[in-house]
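S.K.: Quick one: structure below, then a few questions.
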Amino acid sequence: MGFPANGSDGANSFKFLIYGRTGWIGGVLGKLCQAQGIDFVYGAGRLENRSSLEADIAAVKPTHVFNAAGVTGRPNVDWCEAHKVETIRTNVVGTLTLADVCREKRLVLINYATGCVFEYDADHPLGSGIGFKEEDTPNFIGSFYSKTKAMVEDLLKNYENVCTLRVRMPISSDLANPRNFITKITRYDKVVNIPNSMTILDELLPISIEMAKRNLTGIWNFTNPGVVSHNEILEMYQEYIDPNFTWKNFTLEEQAKVIVAPRSNNELDANKLKKEFPELLSIKESLIKYVFLPNKTTA
């Protein structure tokens, strides 16, 4: 399972090269490394510029590389529909270039990817508890963002040094962060109400660091086990944060009128990750422990 690279025991023997300094996940990764006493440096190179990546690796001499850089679009993935070349440059050319340079240097690359490459179907019906597994072929290309991510995931299967983490609808205890799924849906005029697999970063990002230390590679569904719906999250928000909070629902058909590209809704099977990390909490348990209890303001 693991790539025979440079990992060894003890925090002081690791040195991480992290791409995505200005991003949400990249920023949190740096703080986690500081807290754990792990030496780390943010990459200065552009992902699509091979020589700049080689220069970073030569200067830093990392034991592992993390890719938290990428184009998701601002304010959302609809941006990618009108900026296809920019999306390809980073999400496709850049990611593949970094993977290739890391393989050449015999370095494990932890790549934060997306699980928004699936949608509920006849074999994985909504509410069935049957999730998509790591080996399943993506079936959702409704948005250009998801289309590029699915293409890259397929190509990265050929790189034995890459650990692909399928992140979905990321959530953290930082409820002021506009990228936080909870923060997003509390600010929307209306929300759909569909159960989905999601990623609690407070619990899972430390696990990704441990995965690097173990030199784990291949594709991993990087979500908490189980699903949670928009309404269930907002009910928790009401209970723990703001008892006066209210919201309105609308249908997928109504949502389609106010967005450019369709959105992915799915359940990912997290058994592989749970087997490697038995302490992993279910999505609802993790939400309460890592997000709502630390932010609790209600009596």
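The values are calculated or read from the model by the stated rules, or taken from the named source; none is laboratory data. Bear in mind the structure is a predicted one, so any value in this text is a computation, not a measurement. Methodologically, a virtual Cβ is constructed for each residue, glycine included, from the backbone with ideal geometry; neighbour enumeration extends over all protein chains shown. We work out accessible area using only protein heavy atoms, side chains counted, and drop any ligands, DNA or RNA first. Shrake-Rupley method; radii C 1.70, N 1.55, O 1.52, S 1.80 Å.
S.K.: Go through the stretch 40-64 and count every residue that is more than 19 Å from F14 (Cβ to Cβ) and surrounded by 19 or more Cβ atoms within 10 Å (Cβ to Cβ).
M.R.: Residues flagged as more than 19 Å from F14 (Cβ to Cβ) and surrounded by 19 or more Cβ atoms within 10 Å (Cβ to Cβ) within the stretch 40-64 amount to 3.
S.K.: Select from the stretch 181-198 the residues that are assigned to a loop (DSSP other than H, G, I, E, B) and without any contact (Cβ under 8 Å) to a residue 60 or more places away in the chain and list them in ascending order.
M.R.: Y188, D189, N193
S.K.: Next question. Across the stretch 102-122, what is the total count of residues that are of a type outside the set (F, W, Y) and within 22 Å of G23 (Cα to Cα)?
M.R.: Residues flagged as of a type outside the set (F, W, Y) and within 22 Å of G23 (Cα to Cα) within the stretch 102-122 amount to 10.
S.K.: Moving on to the next point. Only one of (1) in contact (Cβ under 8 Å) with a residue 40 or more places away in the chain; (2) under 23 Å from V227 (Cα atoms) is not met by A122, so which one is it?
M.R.: Answer for A122: the failing condition is (1).
S.K.: For the stretch 111-125, give me each residue that is out of contact with any helix residue (DSSP H, G or I) (no Cβ under 8 Å at 6 or more places or on another chain) and either among the hydrophobic types (A, V, I, L, M, F, W, C) or surrounded by fewer than 20 Cβ atoms within 10 Å (Cβ to Cβ) (or both).
M.R.: F118, E119, D121, A122, D123, P125
S.K.: Next question. Given the structure, is A35 without any contact (Cβ under 8 Å) to a residue 40 or more places away in the chain, part of a loop (DSSP other than H, G, I, E, B) and either surrounded by fewer than 18 Cβ atoms within 10 Å (Cβ to Cβ) or among the aliphatic types (A, V, I, L, M) (or both)?
M.R.: No, not satisfied.
S.K.: Just the residues that are open to solvent by 50 Å² or more (accessible area, probe 1.4 Å) and out of contact with any helix residue (DSSP H, G or I) (no Cβ under 9 Å at 6 or more places or on another chain), please, taken from the stretch 148-157.
M.R.: D154, K157
S.K.: For the list (1) open to solvent by 20 Å² or more (accessible area, probe 1.4 Å); (2) in contact with a His (Cβ under 6 Å, 6 or more places away or on another chain), I need the number of the one condition that V108 fails.
M.R.: With (1) open to solvent by 20 Å² or more (accessible area, probe 1.4 Å); (2) in contact with a His (Cβ under 6 Å, 6 or more places away or on another chain) applied to V108, the lone miss is (1).
S.K.: Got at least one residue in the stretch 65-75 being at pLDDT below 95, in a helix (DSSP H, G or I), open to solvent by 10 Å² or more (accessible area, probe 1.4 Å) and closer than 23 Å to G142 by Cβ?
M.R.: No, that holds for no residue.
S.K.: Which residue out of R214, R168 is under 16 Å from G115 (Cα atoms) and among the basic types (K, R)?
M.R.: Only one candidate passes the filter, namely R168.
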